[in-house]
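The values are calculated or read from the model by the stated rules, or taken from the named source; none is laboratory data. Every value quoted in this text rests on a predicted model; they were computed, and no experiment measured them. Note: ideal-geometry Cβ built from the backbone for every residue, glycine included; neighbour counts use all protein chains shown. Just the protein is used for accessible areas: all its heavy atoms, side chains included, with ligands, DNA and RNA removed. Shrake-Rupley method; radii C 1.70, N 1.55, O 1.52, S 1.80 Å.
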Amino acid sequence: APGGGGAAETAKGGKCVAGERRLGNAGVELAADVGYREAGQATNSTPAGDIKYRIHGVEYAARAGVGLGPVDLMGRVGRINYRLRKDIAGVSNDYDGTAPVYGVGLWFTLFGVGLRAEYERMNIDELDKTSAVSLSAFYQF
């Protein structure tokens, strides 16, 4: 929700990520990711007027996971260099900044093709709370 607001806005977005993964001892995996996130435009109507915002930017993160057969459990921590456009009741403001990103998820891989489900939080100063749930397909080579 935008800073000072109690409403919850949702949006559909996407991200493109590339990374390097290394297998460690005892099934522990370490990885580094870099990517671009486009969180879409979230909207909500209130008695005071419409609320809209859009977040996008480059992010980078470290990931650690534990293999549990074909399913891996992982944690992710990093940062996003974001651009935020916030419009409340027709008054627009643009912001740039860097914010921490952290999350948990799991992924399933078979013959190099996989699915990844993830829950992430971003601590963007200009917003009360920002989180994302994502489902992605990937190829490992």
**Request:** Grab the other residues whose beta carbon is less than 13 angstrom from that of GLU118, score K and R as +1, D and E as -1, and report the net.
**Result:** +2
**Item:** the chain, accessible area per residue, ligands and nucleic acids excluded (1.4 Å, Å²)
**Value:** 59
**Prompt:** Can you give the Rg and Dmax of region 27-80 based on its C-alpha atoms, in angstrom?
**Reply:** 17.2, 53
**Complete:** Between ALA137 and ALA48, Cβ-based FRET efficiency (R0 41 Å, step 0.05) works out to 0.55
**Request:** State the percentage of accessible surface on the chain attributable to carbon and sulfur atoms; use a 1.4 Å probe and exclude ligands, DNA and RNA.
**Result:** 60
**Request:** Just need the relative contact order of the chain here, percent rounded to a whole number, with Cα pairs under 8 Å and 6+ apart.
**Result:** 18
**Message:** Let me check against my output: what whole-number percent is the relative contact order of region 86-141, with C-alpha pairs under 8 Å and at least 6 apart?
**Reply:** 29
**Message:** Between GLY14, GLY112, GLY67, where does the largest GNM mean-square fluctuation fall for the chain, given springs only between Cα atoms within less than 10 Å?
**Reply:** GLY112
**Complete:** Sorted by chain and then number, the residues having a modelled amide H within less than 5 Å of the amide H of ILE124, at least 5 places away or on another chain, are THR130
**Message:** Can you give the local net charge around VAL133? Use residues other than it whose beta-carbon is closer than 10 angstrom to its beta-carbon, Lys and Arg +1, Asp and Glu -1.
**Reply:** -2
